[in-house]
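Each value in this text was obtained by applying a stated rule to the coordinates, not by laboratory testing. Just so we're clear, the structure is a prediction, and the values are computed from it rather than from any experiment. For neighbour counting, all protein chains shown are included, and Cβ atoms are generated from backbone atoms with ideal geometry for every residue, glycine included.
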Amino acid sequence: MLVYNTNSQGVHMYELSKKVYEAIYNNFNKDQADALILLFKEILAQQTQIVRDAINEKIDDIIYRIKVELSKEFATKADLLAVKADLEASIAKLEQKLMGEISKIRLEMSEMKSELKQDVAELNHKFEKQHQMIIFGAITLGILTILNNPNLWNLFKEIKSIF
């Protein structure tokens, strides 16, 4: 986590790596991050290699703890896959339930269609019967009218003789 650099005067020095800067700025507000970075720079400028290695280990430990804490906050890929599987199972159940309901509705519609056809057939039969009765009544009325009126009776005989 430390980078070994040589400055413009040829002095060898350790600096924080870009990864460390990012970790600090991502987890602290700007003022705190600036203060931490300044503190790390001062410490690195004053310490020996052994201390620098210890600091590097501490930084690694801090980054590890941050990763652990952040991993608790965010879902892992396995968590997301489990949620996806649950959602897919729920959708499949819902789809199955909907298909069952659609089948029931289709069956009910088929039954209603059959009943409607039967009702229409019965109405047609009743209308046909009434139509026949009206025609029979009209013919009967016509015959009675002809029989009761002598002029019409004579006219009927003349028409009959033509055919």
Can you sort LEU44, LEU155 by how many other beta carbons sit within 10 Å, fewest first?
LEU155, LEU44
The chain: angle of helix 30-46 to the longest principal axis, Cα-based, in degrees nearest 10
30 degrees
LEU16 long-range amide H proximity, modeled H, under 5 Å
VAL3
Nearest 10 degrees, 0 to 90: what angle lies between the long axis of helix 77-148 and the longest principal axis of the chain (Cα atoms)?
10 degrees
Nitroxide proxy distance, nm - points 7 Å out along Cα→Cβ at LYS117 and ASN26
7.0 nm
Nearest-ten-degree value, helix 49-73 long axis tilted from longest Cα axis of the chain:
20 degrees
Run the numbers on the chain and let me know its relative contact order in percent, using alpha-carbon pairs under 8 Å that are six or more apart.
11 percent
